[in-house]
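Data block below; observations after.
The values are calculated or read from the model by the stated rules, or taken from the named source; none is laboratory data. Just so you know, these numbers come straight off a predicted model, no measurement behind them. Positions of Cβ are backbone-derived with ideal geometry, glycine not excepted, and every protein chain shown enters the neighbour counts.
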Amino acid sequence: MRKALVHDWYYVSGGAEKVVHSLNTIWEDFDHFALVDYLNDADRAFILNGKSVSTSFIQKLPTAKSNHRKFLQFFPNAIEQFDLSEYDLVLSSSASVAKGVLTHQNQLHICYCHSPMRYAWDLYHQYLREAKLNKGLKSMYAKYVLHKMRLWDLATVNRVDLFVANSKYIARRIKKIYNRDSVVIYPPVNVHAFPLETDKDDYYFTASRMVPYKKIELIVRAFNNMPNKKLIVSGDGPEYSAIKKIAKSNIELVGFVNKEKLTDYMRKAKAFVFAAEEDFGIIPVEAQACGTPVIAYGRGGATETIIKNKTGVFFNKQNEIAIIDAVSKFEELQFDPKEIRTHALKFSKERFEKEMETFVNNAYLEFYKNNTI
């Protein structure tokens, strides 16, 4: 069978691109499509096995490389321009518009859905606030564009034959927005790159890109009120300078660090602190692979990857008091690093590839059995 893999865009190597990497490990003969492709050679070799990508007209628009999202209003038209009519299987990796590619009745289209487009649905109001687009003429235009995106997003739901969700949390979102059922296959985590460490040091650790929804400032403010507890913070981003200004002496900001240093911090930490509401959340699983328990906000994918009071503890509100209380509760409990790592291994890259290969192959056989004489 001829196979096409459609991804929203390629410009960084993030969690969605790790899924694409694994899909290319399972099947090496995909033809690739995306709105834009600005990968460097190293990321291309890892994600796409060095293959080229067929891109849309967005690729050639002025300033698209620095900020392709400013052309959001053109995304639906751009994704529909790909001619996939000769492929037997179309697999879309979608958190935006990839699921909206045009297919016909003799093709099987499976969507691995990282999330329905967040900025148009559940993060709509937050997106407008953070972009300072909740007032004025620009706000009116942005709201109009996002309204049109929602209409298009719903109109394209039936272009997908089968949905695969990256968590039960996203499966519920798919059901709420699209009224479609989905199979849950957790994304791949390279747990073997994060070795077990049983001898922990006396500090807490968090790491993330410093953007508002990651709630790093909240974590720092909470630890400002726990001066006898050390917190190490890794990451960079728009909020770095502001966070550095408020951090007290018990908090060490180390900025962006390479993978080896990040792993060292994570392995030796007494706990990893995670305050974001994520669709799945890879980094808490990586921490657990090191045998490091997680103190996490009890919403989103974290509730599916962390076992309460066994591999971590939860706090139920995104505020300082809730984090402080969770740290106190954490210090009253005992955690077994080996047990924590054993749990994390359930989310391995190998597990994802086996589950995804089985699901797609079975779906393909069933689809073509029912569509041929």
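Among the candidates S208, S249, the residue that is within 24 Å of V327 (Cα to Cα), loosely packed, with under 13 Cβ neighbours inside 10 Å, of a type outside the set (A, V, I, L, M, F, W, C) and assigned by TED's automatic domain parsing to the domain that holds F315 is uniquely S249.
The single condition from (1) more than 22 Å from the chain's Cα centre (by Cα); (2) crowded, with 20+ Cβ neighbours inside 10 Å; (3) not in a helix (DSSP H, G or I) that F223 fails is (3).
Filtering A64, A78 for residues that are assigned by TED's automatic domain parsing to the domain that holds M140, assigned to a loop (DSSP other than H, G, I, E, B) and touching a helix residue (DSSP H, G or I) at 6+ places or on another chain (Cβ under 6 Å) leaves a single hit, A64.
Per the listing L89, L84, L61, L108, the residue uniquely aliphatic (A, V, I, L, M) and within 20 Å of Y178 (Cβ to Cβ) is L108. Pairs meeting the criteria (first residue in the range 281-308 and at negative phi and among the charged types (D, E, K, R), second residue in a helix (DSSP H, G or I) and modelled with pLDDT of 95 or more, beta carbons under 6 Å, at least 6 apart or on different chains) are E304/K168. When the residues of the range 312-337 are filtered to those that are touching a helix residue (DSSP H, G or I) at 6+ places or on another chain (Cβ under 6 Å) and assigned to a strand (DSSP E or B), which remaining residue is nearest to C290 (Cα to Cα)? Per the stated criteria, the residue is V313. Take the conditions (1) closer than 18 Å to H109 by Cα; (2) modelled with pLDDT of 95 or more; (3) touching a strand residue (DSSP E or B) at 6+ places or on another chain (Cβ under 8 Å); (4) surrounded by fewer than 20 Cβ atoms within 10 Å (Cβ to Cβ); M1 misses just one of them, which is (2). Among the residues of the range 81-91, the ones that are farther than 22 Å from M117 by Cα, in a loop (DSSP other than H, G, I, E, B) and of a type outside the set (D, E) come to 3 in all.
The set of residues in the range 175-213 that are of a type in the set (A, V, I, L, M) and in contact with a Lys or Arg (Cβ under 6 Å, 6 or more places away or on another chain) comprises V184, L196. Would you say S96 is surrounded by fewer than 16 Cβ atoms within 10 Å (Cβ to Cβ) and either more than 18 Å from P188 (Cα to Cα) or among the aliphatic types (A, V, I, L, M) (or both)? Criteria not met by S96.
Right, G300: within 22 Å of the chain's Cα centre (by Cα), in the same structural domain as R221 (by TED's automatic domain parsing) and at pLDDT 95 or above or not? So G300 does not fit the description; no. Considering the conditions (1) modelled with pLDDT under 95; (2) surrounded by fewer than 18 Cβ atoms within 10 Å (Cβ to Cβ); (3) farther than 30 Å from T342 by Cα, M149 is excluded by exactly one of them, (2).
Considering only residues in the range 4-58 that are of a type in the set (S, T, N, Q) and in a loop (DSSP other than H, G, I, E, B), the one that is surrounded by the most Cβ atoms within 10 Å (Cβ to Cβ) turns out to be S56. Taking the range 119-144 as the range and being crowded, with 16+ Cβ neighbours inside 10 Å and in contact with a Lys or Arg (Cβ under 9 Å, 6 or more places away or on another chain) as the test, the residues that pass are Y119, A120, W121, D122, Y124, Y127, L128, L133. Spot the failing condition for N166; the list is (1) surrounded by fewer than 19 Cβ atoms within 10 Å (Cβ to Cβ); (2) within 18 Å of E355 (Cβ to Cβ), and only one is missed. Going through (1) surrounded by fewer than 19 Cβ atoms within 10 Å (Cβ to Cβ); (2) within 18 Å of E355 (Cβ to Cβ) one by one, N166 breaks only (1).
Within the range 17-73, the set of residues being under 17 Å from A95 (Cβ atoms), over 21 Å from the mean Cα position of the chain (by Cα) and of a type outside the set (A, V, I, L, M, F, W, C) comprises just one member, S56. Give the residue that is surrounded by the fewest Cβ atoms within 10 Å (Cβ to Cβ), with candidates limited to residues of the range 252-271 that are within 23 Å of the chain's Cα centre (by Cα) and among the aliphatic types (A, V, I, L, M). Checked the range 252-271; the qualifying residue surrounded by the fewest Cβ atoms within 10 Å (Cβ to Cβ) is V257.
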